[in-house]
Amino acid sequence: MRWGGLGEERLLAPPHDKEMKLRDKVAVITGAGSGIGAASAFALAAEGARIVIVDVNEAGAKDVADRIDKHGGQAIAIAADVTRAADNQAAVDRAVAQWGRLDVFFANAGVPQWKTDVEEVDEATFERIMNVNVKGVWLGAKAALPVMKRDRRGVFLITASTAAIRPRPGGQIYAASKGAVVTLAKALALEVAPFGVRVVAICPVATHTPMLPTFMNKVQVDDEGLKRYEATVPLGRLNQPEDVARVAVFLASDDAAMITGSTVEVDGGRCI
Ligand SMILES: NC(=O)c1ccc[n+]([C@@H]2O[C@H](COP(=O)([O-])OP(=O)(O)OC[C@H]3O[C@@H](n4cnc5c(N)ncnc54)[C@H](O)[C@@H]3O)[C@@H](O)[C@H]2O)c1
């Protein structure tokens with residue numbers, strides 16, 4: 001697992017308070033014990049945000065929080081399952097109790113699907129993927145948006161996928177789950193716009209995280225899988241988690257003040 005990249009290194013740099021885009025903001029990031037969520041936690045922390053790291057994987061969450069703390073940032077880890085309403089509420093409550101505000105909720109936790117023909121997938125798989133990837137995001141919104149509406153500020157980010165726009169064969173449940181949250185982002189954006197709150201869906205193409213081999217139907221990424229996937233991306237490479245994290249920082253910041261309801265592709269041209 002690559003933990004390096006922009007966020008973690010910038011935390012080590014000398015103070016640069018004035019340029020910080022998220023100074024004193026508070027963010028909850030789900031699925032932040034690994035991959036895109038972890039890179040986003042580092043990147044947001046490097047811009048001055050204080051982070052609640054949420055993951056079912058407690059050890060992963062703790063490791064990311066410890067690393068942010070060690071580099072001079074502020075983070076706390078929470079073991080939580082996004083499919084449970086009470087766990088989402090606990091994450092929001094913890095952010096507010098600890099730091100008195102909530103500026104960003106990044107509903108990023110998700111699970112992949114092994115490439116399987118529709119007639120071979122069982123209902124339990126459908127329910128598990130929809131539960132985490134759709135219900136988990138909706139529950140995050142139910143917990144976070146009332147606070148943001150009350151305070152008349154905030155950004156709710158969702159990690160969707162290019163699968164929502166340009167699916168690959170055999171990933172029909174995953175693609176549908178990501179399509180659902182792209183539309184959820186638009187519906188929520190309209191609902192909360194009168195309160196000055198924004199909602200944006202980010203659509204990464206295949207990204208180098210522990211999830212990647214599953215999309216390739218492999219136990220580990222190998223040359224064949226990598227070449228096959230890279231050939232589908234006009235820019236000729238897959239995302240690093242930091243590619244997505246940098247976009248999350250931008251969308252969470254006031255630089256994106258007029259962006260809401262959007263579907264932001266981070267895909268090297270895959271969806272063209
Ligand atoms: N890796 C890719 O190719 C890719 C591409 C597009 C979109 N995505 C999406 O990006 C998001 C992050 O995935 P990643 O690639 O960083 O994978 P990852 O496996 O590195 O991280 C996902 C994290 O979510 C956590 N998680 C899973 N279920 C959870 C639950 N019920 N409650 C709380 N945490 C839970 C996992 O423990 C893990 O730490 C997902 O929504 C995924 O669908 C990934």
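For the range 218-258, name all the residues that are within 13 Å of the ligand (Cβ to nearest atom) and over 15 Å from the mean Cα position of the chain (by Cα). So that I can check it myself, show each step before the final result.
Start the filter on the range 218-258 by keeping residues that are within 13 Å of the ligand (Cβ to nearest atom), which leaves 218, 221, 225-226, 229-230, 232-233, 237-245, 247-248.
The answer is Lys218, Val221, Gly225, Leu226, Tyr229, Glu230, Thr232, Val233, Arg237, Leu238.
Would you mind stating whether Gly110 is at negative phi, crowded, with 18+ Cβ neighbours inside 10 Å and assigned to a loop (DSSP other than H, G, I, E, B)?
yes
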**Request:** Look through Thr260, Thr209 and report the one residue that is part of a loop (DSSP other than H, G, I, E, B), in contact with a Pro (Cβ under 7 Å, 6 or more places away or on another chain) and buried (at least 17 other Cβ atoms within 10 Å of the Cβ).
**Result:** Thr209
**Prompt:** Any idea which of Ile158, Ile78 is closer than 27 Å to Gly261 by Cα, in contact (Cβ under 8 Å) with a residue 24 or more places away in the chain and under 20 Å from the mean Cα position of the chain (by Cα)?
**Reply:** Ile158
**Message:** I'd like the residue in the range 190-206 that is within 19 Å of Val147 (Cβ to Cβ) and under 17 Å from the mean Cα position of the chain (by Cα) and, out of all such residues, is surrounded by the most Cβ atoms within 10 Å (Cβ to Cβ).
**Reply:** Val199
**Request:** Of the conditions (1) open to solvent by 40 Å² or more (accessible area, probe 1.4 Å); (2) touching an Asp or Glu at 6+ places or on another chain (Cβ under 8 Å); (3) more than 29 Å from Trp99 (Cβ to Cβ), Arg153 clears all except one; give me its number.
**Result:** (3)
**Item:** Residue among Val219, Val233 that alone is open to solvent by less than 40 Å² (accessible area, probe 1.4 Å), over 30 Å from Lys142 (Cα atoms), in a loop (DSSP other than H, G, I, E, B) and of a type outside the set (Lys, Arg)
**Value:** Val233
**Prompt:** Of all residues in the range 22-51, how many are open to solvent by less than 10 Å² (accessible area, probe 1.4 Å) and closer than 10 Å to Phe106 by Cα?
**Reply:** 8
**Prompt:** Considering only residues of the range 36-94 that are in a loop (DSSP other than H, G, I, E, B) and within 21 Å of Arg128 (Cα to Cα), which is farthest from the ligand (Cβ to nearest atom)?
**Reply:** Arg84
**Request:** Provide a single number: the residues in the range 19-32 that are free of Cβ contacts under 8 Å to residues at least 40 places away in the same chain and of a type outside the set (A, V, I, L, M, F, W, C).
**Result:** 3
**Item:** the range 113-123, subset open to solvent by 60 Å² or more (accessible area, probe 1.4 Å) and either among the acidic types (Asp, Glu) or over 24 Å from the mean Cα position of the chain (by Cα) (or both), residue farthest from the ligand (Cβ to nearest atom)
**Value:** Glu119
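The values are calculated or read from the model by the stated rules, or taken from the named source; none is laboratory data. If you're wondering where the values come from, they're calculated on a predicted model, not measured in any experiment. Glycine also receives a Cβ, built like all others from the backbone with ideal geometry; neighbour counts cover every protein chain displayed. When the accessible area is computed, the model is the full protein with side chains, heavy atoms only, and any ligands, DNA or RNA have been set aside. Shrake-Rupley method; radii C 1.70, N 1.55, O 1.52, S 1.80 Å.
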